[in-house]
Amino acid sequence: MKNIVIASDHGAVSLKKEIISFLKTKGCTVNDMGVHNEDSVDYPNIAIVACREFNKGGYDFGILLCGTGIGMSIAANKIRGIRCAQVFDLFTSRMAKEHNDANFIALGGRVKYNVPVTEILDTFMMTTFANERHTRRVSQIMDLDKIR
Ligand code: RB5
């Protein structure tokens, strides 16, 4: 059973609901940090709340949603410890885990994906980190947190 933190801006409220329903069918625990309606909000503020929650510990990964997934991923990757991958399909979803050990994925509520988002998510959850040379590279990414 996975413990997941999720948040969206107004551009992906209905996608968030769909994802939460799917995760519950998978037996996951989901902490929904909002938003809960389509009133306009600023996505960086939402990303910070979800990433800070993740950094408290105890979560397997996080999901950030906005209109495109772009703004949320850019914002999340500014926050210490976060490796947020904007994923588009089954391949990028698998690679985000296998090679990058992403601890967040970002998706867009206004994006037309070629496969159901639930499959994209399921692929991410079913994949394991490859280790080997990727451990070194992920560690190099995390060292970038020290750069000011
Ligand atoms: C909000 O209109 C939109 O800009 C936001 O959801 C996201 O797509 C930004 O990257």
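Data overview
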{"quantity": "Inter-residue pairs, beta-carbon under 6 Å, first farther than 19 Å from residue 67 by Cα and modelled with pLDDT of 95 or more and in the stretch 20-35, second open to solvent by 20 Å² or more (accessible area, probe 1.4 Å) and not in a helix (DSSP H, G or I), 6+ apart", "calculated": "23/30; 27/1; 28/2; 29/3"}
{"quantity": "Among the residues listed as 127, 92, the single one being modelled with pLDDT of 95 or more, more than 16 Å from the ligand (Cβ to nearest atom) and either closer than 21 Å to residue 21 by Cα or open to solvent by 50 Å² or more (accessible area, probe 1.4 Å) (or both)", "calculated": "127"}
{"quantity": "Pairs, first of a type in the set (S, T, N, Q) in the stretch 56-75, second near the ligand (Cβ under 8 Å from one of its atoms), C-beta under 6 Å, six or more apart", "calculated": "68/108"}
{"quantity": "Scope the stretch 43-69; condition under 11 Å from the mean Cα position of the chain (by Cα) and open to solvent by 30 Å² or more (accessible area, probe 1.4 Å); matching residues", "calculated": "60"}
{"quantity": "Filtered residues of the stretch 1-15 (kept if out of contact with any helix residue (DSSP H, G or I) (no Cβ under 8 Å at 6 or more places or on another chain) and more than 12 Å from the ligand (Cβ to nearest atom))", "calculated": "1, 3, 14"}
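The values are calculated or read from the model by the stated rules, or taken from the named source; none is laboratory data. Bear in mind that the values here come from a model prediction, so they are computed numbers and not experimental data. Cβ sites come from the backbone with ideal geometry, for glycine too, and all protein chains shown count toward neighbours. Each accessible area value is taken on the protein alone, full model and side chains, heavy atoms only, with ligands, DNA and RNA left out. Shrake-Rupley method; radii C 1.70, N 1.55, O 1.52, S 1.80 Å.
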